[in-house]
Amino acid sequence: MARKKIALIGAGNIGGTLAHLAAQKELGDIVLFDVVEGVPQGKALDLSQCGPVEGFDAKITGSNDYKDIAGADVIIVTAGVARKPGMSRDDLLGINLKVMKAVGEGIKANAPNAFVICITNPLDAMVWALREFSGLPHHMVVGMAGVLDSARFSHFIADEFKVSVRDVNTFVLGGHGDTMVPVVRYSTINGIPVPDLVKMGLSSQDKIDAIVKRTRGGGGEIVALLGTGSAFYAPAASGIAMAEAYLGDQKRILPCAAYVDGQYGQNGLYVGVPVQIGAGGVEKVIEIELDEADKAGLQVSVDAVKELLAACKGIEPSLA
Ligand SMILES: NC(=O)C1=CN([C@@H]2O[C@H](COP(=O)(O)OP(=O)(O)OC[C@H]3O[C@@H](n4cnc5c(N)ncnc54)[C@H](O)[C@@H]3O)[C@@H](O)[C@H]2O)C=CC1
Ligand SMILES: O=C([O-])CC(=O)C(=O)O
């Protein structure tokens with residue numbers, strides 16, 4: 001059987017890390033694409049030279065030509081600009097929207113059958129715009145945010161309860177911004193809901209509230225520490241988990257920015273919801289029951305995403 005082909009659009013911090021992880025896991029042959037000449041080629045050569053040391057078999061090439069993504073099975077998009085301290089993700093909208101137009105057109109012309117995972121911020125608006133520009137079916141274009149936000153939530157919960165992260169399951173709904181909704185009620189340690197653990201006296205509501213707040217600001221915390229850009233190891237690991245779910249037809253249930261068409265009472269936009277990912281792409285949006293507070297939180301988050309979509313349409317009339 002021919003190897004799968006993974007195209008990574010954007011060869012920056014996340015793109016390079018994605019390439020390394022995809023090669024280590026032998027997900028397929030890898031094309032690293034970037035507009036900057038030399039960078040994808042240099043990173044591809046450097047990463048190829050990890051092969052003999054780490055023992056992986058993957059052909060890694062760098063390119064500045066969209067033709068080289070032809071026939072890709074999976075495309076992960078990180079092209080664009082990352083924020084710096086003092087900026088919000090939304091400040092990136094104008095510049096990254098132009099990038100999504102170029103990337104969407106490149107995908108449409110060269111790899112229209114790929115499963116596309118968008119990571120570029122502001123995520124929920126950029127994945128929507130990328131889908132519009134590419135013209136791919138909605139179930140084949142998805143945004144990565146919830147897997148990362150849930151990983152942060154799980155890490156903080158594991159720390160608080162002093163348990164292995166392997167036993168922690170959490171998820172975060174809504175847009176990938178300060179209004180995201182970490183759902184405490186469905187967060188568990190090996191099946192035991194966090195609210196029950198609080199009732200058992202193993203933590204306090206104040207501590208859980210502080211963890212929810214820290215999760216919401218998780219991206220900004222790292223931006224402030226790094227000073228030069230944003231998180232990239234966990235974002236790359238999260239994108240790879242989604243790619244593996246598709247390539248392996250794993251039917252995983254993951255929180256992702258998916259197109260909603262009536263689910264959760266929302267229409268015509270991308271927002272973070274639990275979905276099932278398998279060989280059919282986003283095979284299902286899972287509608288879980290939310291309590292009134294989480295429902296209200298999700299609506300606030302959806303309204304924030306809608307504002308960003310209106311801004312996109314203002315900038316790029318072809319999207320209106
Ligand atoms: N969805 C999420 O959870 C997360 C999203 N992000 C976002 O991911 C994006 C990438 O982050 P990093 O890799 O850290 O940034 P980076 O600056 O290291 O890399 C971005 C790369 O995109 C390239 N690029 C710019 N315009 C392009 C174009 N038109 N076509 C192809 N490549 C182009 C740049 O040359 C650069 O190599 C940012 O927008 C960032 O905000 C970052 C972390 C998490
Ligand atoms: O915070 C940022 O700008 C990057 C990002 O989306 C994250 O790390 O969650």
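Here, each number is a calculation from the coordinates, and none is a lab measurement. These numbers come from a predicted model, not from an experiment. Note that each Cβ is placed from the backbone with ideal geometry, even for glycine, and that neighbours are counted across all protein chains shown.
Take the residues in the stretch 1-11 that are in contact with a Ser or Thr (Cβ under 8 Å, 6 or more places away or on another chain) and assigned to a strand (DSSP E or B), then tell me which one is nearest to Lys84 (Cα to Cα). My answer is Ile9. For first residues located in the stretch 106-122 and under 20 Å from Glu283 (Cα atoms) and in contact (Cβ under 8 Å) with a residue 40 or more places away in the chain, partners that are within 14 Å of ligand 1 (Cβ to nearest atom) and among the hydroxyl-bearing types (Ser, Thr, Tyr) and lie 6+ apart or on another chain with Cβ distances below 6 Å form the pairs Ile119/Thr78. Confirm whether Asn64 is among the polar types (S, T, N, Q), near ligand 1 (Cβ under 10 Å from one of its atoms) and farther than 20 Å from Ala231 by Cα. Judged against the criteria, Asn64 is a match. Taking the criterion of being among the hydroxyl-bearing types (Ser, Thr, Tyr) and farther than 27 Å from Ile95 by Cβ, the only residue of the stretch 251-309 that qualifies is Tyr264. Taking the stretch 81-121 as the range and being surrounded by fewer than 22 Cβ atoms within 10 Å (Cβ to Cβ) and among the polar types (S, T, N, Q) as the test, the residues that pass are Ser88, Asn110, Asn113. Inspection of the stretch 142-154 identifies no residue that is touching a Leu at 6+ places or on another chain (Cβ under 6 Å) and either more than 13 Å from ligand 1 (Cβ to nearest atom) or more than 30 Å from Gly104 (Cβ to Cβ) (or both). Sub-8 Å Cβ pairs linking a first residue in the stretch 8-34 that is among the acidic types (Asp, Glu) to a second residue that is in a helix (DSSP H, G or I) and crowded, with 21+ Cβ neighbours inside 10 Å, at least 6 apart or interchain, are Asp34/Gly15; Asp34/Pro40, ordered by first then second residue. For the stretch 263-299, a residue qualifies if it is part of a helix (DSSP H, G or I) and either under 14 Å from Gly175 (Cα atoms) or of a type in the set (Phe, Trp, Tyr) (or both), and the qualifying residues are Tyr264, Asp294, Lys295, Ala296, Gly297, Leu298, Gln299. Taking the stretch 12-102 as the region of interest, the strands (runs of 3 or more DSSP E) fully inside it that hold 2 or more residues being closer than 19 Å to Pro235 by Cα are 29-33, 74-77.
For Asp124, the conditions (1) more than 30 Å from Lys207 (Cα to Cα); (2) within 16 Å of ligand 2 (Cβ to nearest atom); (3) among the charged types (D, E, K, R) are fulfilled apart from (1). Within the stretch 223-262, if we keep just the residues that are more than 21 Å from Ala310 (Cα to Cα), among the hydroxyl-bearing types (Ser, Thr, Tyr) and not in a loop (DSSP other than H, G, I, E, B), the residue that is farthest from the chain's Cα centre (by Cα) turns out to be Tyr246. For Gly146, the requirement of being within 17 Å of the chain's Cα centre (by Cα), within 14 Å of ligand 2 (Cβ to nearest atom) and under 18 Å from Gly268 (Cα atoms) is not met. Residue pairs whose Cβ atoms lie under 6 Å apart, sitting 6 or more positions apart in sequence or on different chains, and linking a residue in the stretch 151-165 that is in contact (Cβ under 8 Å) with a residue 60 or more places away in the chain to a partner that is in a helix (DSSP H, G or I) and of a type outside the set (Asp, Glu), are Ala151/Ala234; Arg152/Thr215; Arg152/Gly218; Phe153/Thr215.
Scanning the stretch 147-166 for residues that are in contact with a strand residue (DSSP E or B) (Cβ under 7 Å, 6 or more places away or on another chain) and not in a helix (DSSP H, G or I) returns a single hit, Val163. If you check Arg166, Arg214, which single one turns out to be surrounded by fewer than 17 Cβ atoms within 10 Å (Cβ to Cβ), within 30 Å of Asp73 (Cα to Cα) and among the charged types (D, E, K, R)? Just a single option satisfies the conditions, and that option is Arg166.
A quick yes/no check of all residues on (1) crowded, with 21+ Cβ neighbours inside 10 Å; (2) among the hydrophobic types (A, V, I, L, M, F, W, C); (3) closer than 16 Å to Thr120 by Cα:
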{"position": "Gly229", "(1), (2), (3)": "no, no, yes"}
{"position": "Ala241", "(1), (2), (3)": "no, yes, no"}
{"position": "Tyr246", "(1), (2), (3)": "yes, no, no"}
{"position": "Gln250", "(1), (2), (3)": "no, no, no"}
{"position": "Ala258", "(1), (2), (3)": "yes, yes, yes"}
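Taking the numbered list (1) surrounded by 21 or more Cβ atoms within 10 Å (Cβ to Cβ); (2) hydroxyl-bearing (Ser, Thr, Tyr); (3) away from ligand 1 (no atom under 16 Å from the Cβ) in turn, Ser134 passes all entries but (3).
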